[in-house]
1. Can you confirm whether the stretch 120-135 contains a residue that is charged (D, E, K, R), within 17 Å of the chain's Cα centre (by Cα) and at pLDDT 80 or above?
2. Tally up the residues in the stretch 112-127 that are closer than 25 Å to Thr69 by Cα and either of a type outside the set (A, V, I, L, M, F, W, C) or crowded, with 23+ Cβ neighbours inside 10 Å (or both), please.
3. Condition test on Arg142, is it within 22 Å of Asp112 (Cα to Cα), in contact with a Lys or Arg (Cβ under 8 Å, 6 or more places away or on another chain), surrounded by 11 or more Cβ atoms within 10 Å (Cβ to Cβ) and of a type outside the set (Ser, Thr, Tyr)?
4. Would you say Asp298 is farther than 24 Å from Ser192 by Cβ, modelled with pLDDT of 70 or more, part of a strand (DSSP E or B) and of a type in the set (D, E, K, R)?
5. Please find, within the stretch 51-106, the residue that is modelled with the highest pLDDT out of those that are among the small types (Gly, Ala, Ser) and assigned to a strand (DSSP E or B).
6. Just to be sure I understand, how many residues within the stretch 254-283 are at pLDDT below 70 and over 25 Å from Ala117 (Cβ atoms)?
7. Report, by residue number, each residue of the stretch 129-160 that is under 21 Å from Ala185 (Cα atoms) and either small (Gly, Ala, Ser) or not in a loop (DSSP other than H, G, I, E, B) (or both).
8. Only residues that are surrounded by fewer than 18 Cβ atoms within 10 Å (Cβ to Cβ) and in contact with a helix residue (DSSP H, G or I) (Cβ under 8 Å, 6 or more places away or on another chain): list them for the stretch 155-196, please.
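The values are calculated or read from the model by the stated rules, or taken from the named source; none is laboratory data. Everything quoted here is computed from the prediction, not taken from an experiment. A quick note on method: Cβ atoms are made from the backbone with ideal geometry, for glycine too, and the neighbour counts reach across all protein chains shown.
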Amino acid sequence: MVRKLVSVAITCCFVGSVVAEADIKNLLEMDLDEILKVNVATGTSNAISEAPSIVSVITQEDIKAMGATTLAEAVEQIPGLHVSNSVNRLTSLFGIRGIRNNNTPNVLVLIDGVNIAEITALSVPYAFRYPVNFIKRIELIRGPGSAVYGADAFSGVINIITQSPSDLAGTSAGVNVGSFEYSEAWINSQFSVDDLSVALSITRQRKGNDSERVTQYGVLQRDGEFDNIHVNATYHELTFNGWYWRSEQEMGSGAGIIGNDIDRDISETISAQLRWVTDIDKFTRFETDASYTNHKLDGLFQLFPEGTWPVGDDGNLFLPPLLL
């Protein structure tokens, strides 16, 4: 089974602005610009105190302090937001203010402002375990954001902002290991060629099964491998953000996959955004951007392999009483 989605979006805006004369307001925003200004509430930069929504910001320093290794671990610290695992391929579910279901179509997840929703999963790619090594900050709306972002933002928005070339210096790398055969290796690097500046991030994760998590159908199958690559570049007034995600994992649990040796999900996502921003004069700025997203999912499985479950004369599956 192969499912594929390609989407392309192009937007333009022409904005006129007047220089503020309130010196005290400018003074209060100095040096705290990256922390106090958010884009997620209105799509434009605003002081967090002026955002017309309940907005939370998780900085890079916050993520390091809490020891989170994935997006789900980072955002579950926010009051009013609950993270759980879906029975459908163990994808992370984000519930905000008690609103949740099996696919989280009501929470919009963005990377650098680009929607990464996968149409068959309704929210994020299957087995989405976004690493935190390249995150600059996370902005969250707790509450409806549909006026700006459409129906997918019914209960909230999560915007992941990655690091630009100016946020990195040189090269850094790290390795993490943990229980259940968990391992992670990552590298972030920044380099320049003339006026072109590039930030590159590569992360590879692996996780194994938990023999103590036993369902009525056996041990919960959760092992998988995950690759995450980012390329962010700037050239004069042009900005490029590219993202590649690949996961290969067991489908989880259930009667249909018992005895099945090929039940694997292979999910791939490619996302790119090219943006041009230029100041026409000190009062006016012109912005335009184009984005591209491609999702591909290969589901490899055999439903009820021969000899695994008995089938009655009427063609219906027979289950022992303990599994009913």
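1. Filtering the stretch 120-135 down to residues charged (D, E, K, R) leaves 129.
Still in the list and also within 17 Å of the chain's Cα centre (by Cα): 129.
Of the ones still in play, those that are also at pLDDT 80 or above are 129.
Among the residues of the stretch 120-135, at least one is charged (D, E, K, R), within 17 Å of the chain's Cα centre (by Cα) and at pLDDT 80 or above, which makes the answer yes.
2. So the first thing to find is which residues in the stretch 112-127 are closer than 25 Å to Thr69 by Cα, and the list is 112-118, 121-127.
Narrowing the set further to residues that are either of a type outside the set (A, V, I, L, M, F, W, C) or crowded, with 23+ Cβ neighbours inside 10 Å (or both) leaves 112-113, 115, 118, 123-127.
So the count comes out to 9.
3. Working: within 22 Å of Asp112 (Cα to Cα): yes; in contact with a Lys or Arg (Cβ under 8 Å, 6 or more places away or on another chain): yes; surrounded by 11 or more Cβ atoms within 10 Å (Cβ to Cβ): yes; of a type outside the set (Ser, Thr, Tyr): yes.
It is true that Arg142 is within 22 Å of Asp112 (Cα to Cα), in contact with a Lys or Arg (Cβ under 8 Å, 6 or more places away or on another chain), surrounded by 11 or more Cβ atoms within 10 Å (Cβ to Cβ) and of a type outside the set (Ser, Thr, Tyr).
4. Values: farther than 24 Å from Ser192 by Cβ: yes; modelled with pLDDT of 70 or more: yes; part of a strand (DSSP E or B): yes; of a type in the set (D, E, K, R): yes.
Judged against the criteria, Asp298 is a match.
5. Applying the filter and picking the extreme gives Ser56.
6. Just the residues of the stretch 254-283 that are at pLDDT below 70, to begin with: 254-262.
If we keep only those that are over 25 Å from Ala117 (Cβ atoms) too, we end up with 255-262.
Qualifying residue count for the region: 8.
7. The first filter runs over the stretch 129-160 and keeps only residues under 21 Å from Ala185 (Cα atoms), leaving 129-137, 160.
Answer for the stretch 129-160, where residues must be under 21 Å from Ala185 (Cα atoms) and either small (Gly, Ala, Ser) or not in a loop (DSSP other than H, G, I, E, B) (or both): Pro131, Ile135, Lys136, Arg137, Ile160.
8. Within the stretch 155-196, Ser192 is the sole residue that qualifies.
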